[in-house]
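J.: First the structure, then my questions, so here it is.
Just so it is clear, none of the values below were taken in a lab; they were calculated from the coordinates. The structure displayed is predicted, hence computed values, not measured ones. Note that we place each Cβ from the backbone using ideal geometry, even for glycine, and neighbour counts take in every protein chain shown.
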Amino acid sequence: MPAKSKIIDSYTYYLNTDLSKYIGYWIAIVDDEIASYGKNAKEVYEEAKKKYPSKKPLLAKIPKERTLIF
């Protein structure tokens, strides 16, 4: 599967998963799972890359309030 499709799959996972326990944290998603989370984006990304060196993690901050994107 091309890398672009993997990113889309990770984004779909992000949109469809209950991430309420990660409110206020950065998360790294790899292959439909939370590979890492924490308060520091760089550390979260680096931890995910250590676990999955050949993958590109999707990094996202989980907002404290709902955000409407239009």
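J.: Of Lys21/Lys50; Lys39/Lys61; Lys21/Lys64; Lys6/Lys39, which ones are farther than 21 Å apart at the Cα? Before the final figure, lay out each step's value.
T.: Values: Lys21/Lys50 23 Å; Lys39/Lys61 9 Å; Lys21/Lys64 11 Å; Lys6/Lys39 25 Å.
From the list (Lys21/Lys50; Lys39/Lys61; Lys21/Lys64; Lys6/Lys39), the Cα-Cα distance tops 21 Å for Lys21/Lys50; Lys6/Lys39.
J.: Would you work out the charge dipole size for the range 1-56 about its Cα centre, treating the Cβ of every Lys and Arg as +1 and the Cβ of every Asp and Glu as -1, and quote it to the nearest 20 debye? Present the calculation step by step, with values, prior to reporting the outcome.
T.: Details: 10 positive and 8 negative charges, 50 e Å.
Result for the range 1-56 is approximately 240 debye, rounded to the nearest 20.
J.: OK, next. Taking 0.36 nm per intervening residue step and subtracting the Cα-Cα distance, what contour gain separates Asn16 from Lys56 on full extension?
T.: On the way: separation 40, 0.36 × 40 = 14.40 nm, distance 1.97 nm.
So the extension gain works out to 12.4 nm.
J.: If the chain were replaced by its equivalent ellipsoid, with semi-axes equal to the square roots of 5 times the Cα gyration tensor eigenvalues, what would those be, largest first, whole Å?
T.: On the way: eigenvalues 74, 51, 16 Å².
Each semi-axis is √(5λ); the values are 19, 16, 9 Å.
J.: Within the chain, which is the longest segment containing none of the trypsin sites (Lys or Arg not before Pro) that sit in a DSSP loop and have at most 11 other Cβ atoms within 10 Å? Walk me through the intermediate numbers first.
T.: Working: sites that count: Lys39, Lys64, Arg66.
Of all site-free stretches, the longest is 1-38.
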